[in-house]
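Report on the following structure.
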Amino acid sequence: MCIALEYLHRFDIIHRDIKPENILLHENTAKICDFGWAVHSPLLRSTKCGTPIYTCPEIVKEESYHTKIDIWCVGVLTYELLYAAAPFQIKTYSDFAKIVYEQISFPSEIKVSKVAKDFMSRCMAKEVN
């Protein structure tokens, strides 16, 4: 996944909808599919798009973004795969504020390595304004 995204980002292609449903596994290789929200642009974007639980803080704050949106989604995806839950529970429109203001917590009852937690924390790093 990371290699595929690195390749796309090298050519200023932003997928904008990384989630489990858009990942195919073929002979132990992950492949990205569904490029319906993808865009080729070296410029910053501001379109609200993607899947709600994968929404990055920049979209919630109505700020511009670029490839960071995909990296955020990889962090959320990793969290979801390891903890069987999303890092932020989004049920109503007002819940989107959690993405901006709440810190990511790692449930202690599920043992996850420090390396994995660091990876998720870096992917879901929030910009300080």
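The values are calculated or read from the model by the stated rules, or taken from the named source; none is laboratory data. Computed from a predicted model, the values in this text were never measured in an experiment. Glycine also receives a Cβ, built like all others from the backbone with ideal geometry; neighbour counts cover every protein chain displayed.
Here are some residues: Val100, Val76, Val112. Which one is touching a residue at least 12 places away in the same chain (Cβ under 8 Å) and in contact with a Leu (Cβ under 9 Å, 6 or more places away or on another chain)?
On the way: Val100 fails: in contact with a Leu (Cβ under 9 Å, 6 or more places away or on another chain); Val76 fails: in contact with a Leu (Cβ under 9 Å, 6 or more places away or on another chain).
It is Val112.
Among the residues in the range 4-14, are any within 20 Å of Met124 (Cβ to Cβ), touching a strand residue (DSSP E or B) at 6+ places or on another chain (Cβ under 6 Å) and in a helix (DSSP H, G or I)? Yes, the range 4-14 contains a residue that is within 20 Å of Met124 (Cβ to Cβ), touching a strand residue (DSSP E or B) at 6+ places or on another chain (Cβ under 6 Å) and in a helix (DSSP H, G or I).
Being of a type outside the set (S, T, N, Q) and not in a loop (DSSP other than H, G, I, E, B) is the requirement here; does Val74 meet it?
On the way: of a type outside the set (S, T, N, Q): yes; not in a loop (DSSP other than H, G, I, E, B): yes.
Yes.
When the range 1-46 is filtered for residues that are of a type in the set (Val, Ile, Thr) and either exposed (fewer than 11 other Cβ atoms within 10 Å of the Cβ) or touching a residue at least 60 places away in the same chain (Cβ under 8 Å) (or both), the ones remaining, listed by number, are Ile3, Thr29. Only residues that are under 13 Å from Val60 (Cβ atoms) and under 18 Å from the mean Cα position of the chain (by Cα): list them for the range 81-113, please. Selection gives Phe88, Ile90, Asp95, Phe96, Ala97, Lys98, Ile99, Val100, Tyr101, Glu102.
Of all residues in the range 49-65, those satisfying the criterion of being in a loop (DSSP other than H, G, I, E, B) and touching a Ser or Thr at 6+ places or on another chain (Cβ under 8 Å) are Glu62, Glu63, Ser64.
Which one of Ile69, Ile23 is under 24 Å from Lys117 (Cβ atoms) and in contact with a Gly (Cβ under 8 Å, 6 or more places away or on another chain)?
Numbers: Ile23 fails: in contact with a Gly (Cβ under 8 Å, 6 or more places away or on another chain).
Exactly one of Ile69, Ile23 is under 24 Å from Lys117 (Cβ atoms) and in contact with a Gly (Cβ under 8 Å, 6 or more places away or on another chain), namely Ile69.
In the range 77-104, the qualifying residues are those that are surrounded by fewer than 14 Cβ atoms within 10 Å (Cβ to Cβ), part of a loop (DSSP other than H, G, I, E, B) and of a type outside the set (S, T, N, Q), and the one that is modelled with the lowest pLDDT is Lys91. Applying the condition of being touching a Ser or Thr at 6+ places or on another chain (Cβ under 9 Å) and of a type outside the set (A, V, I, L, M) to the range 107-125 and asking which residue is farthest from Pro52 (Cα to Cα) yields Phe119. Among the residues of the range 108-129, those that are of a type outside the set (Lys, Arg), modelled with pLDDT of 95 or more and surrounded by 11 or more Cβ atoms within 10 Å (Cβ to Cβ) comprise Val112, Ala116, Phe119, Met120, Ser121, Cys123, Met124.
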